[in-house]
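Written below as structure tokens is the structure these notes are about.
All of the numbers you see were taken from the coordinates with simple rules; none came from a lab. Source: prediction; values computed, not measured. All Cβ positions, even for glycine, are placed from backbone atoms using ideal geometry, and neighbour counts span all protein chains on display.
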Amino acid sequence: MAQRSGGGGLGWFIIGVVVGACGVYFGPTAYQKYSQEIPAGQVRVEVAPEYTPGEWKRMARLDIEFSRYKANGQNWDWPMVDPELQICIREGSEFRKCYGPLDPELAACKGKFRCTTAAIAVPSAAFTIELNEWDDYNKPDPIGTLSCDMGQTCRFPLGIITVRDASGV
């Protein structure tokens, strides 16, 4: 004779499925409402991609040259050695506009360690340039961040950027 276990396995399985489904449905909202920290005093405003605050009427071309290797000596994009650039122009600490490897502004820089971008809108005052090696699957690798302005040649540990006026082009 077969003995019955007193566990009631099917009933507990159904309860587990229901509890799991409730967790999947209600969990993310409860996490955002009760656990996730919201920075105090900061407001995030979503704007259209073409919106640029302040005065971004100057056009610049960036002559970029940077090291073939990261600061630790490794290739930028293993197993390939050719980088894909991401450039972000920052106005103060509140706004930045980024261009990636698929944007036409960076078409001339694809797979190159030395290139000149197409004309890019920049702020009317000094601005910050963030240069990253784009990674499709991970966080981009930082190449350098520097403050620069029109007509300047700015150096950072892994390279150099010259900002040239492209308004008349």
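A protection proxy built from the mean count of other Cβ atoms within 10 Å ranks the segments 103-111, 118-126, most packed first, as 118-126, 103-111.
Stretching the chain fully between E65 and T153 yields a gain of 30.6 nm (0.36 nm per residue, less the alpha carbon separation).
For the range 58-165, relative contact order (Cα pairs under 8 Å, six or more residues apart, normalised by length) works out to 33 percent.
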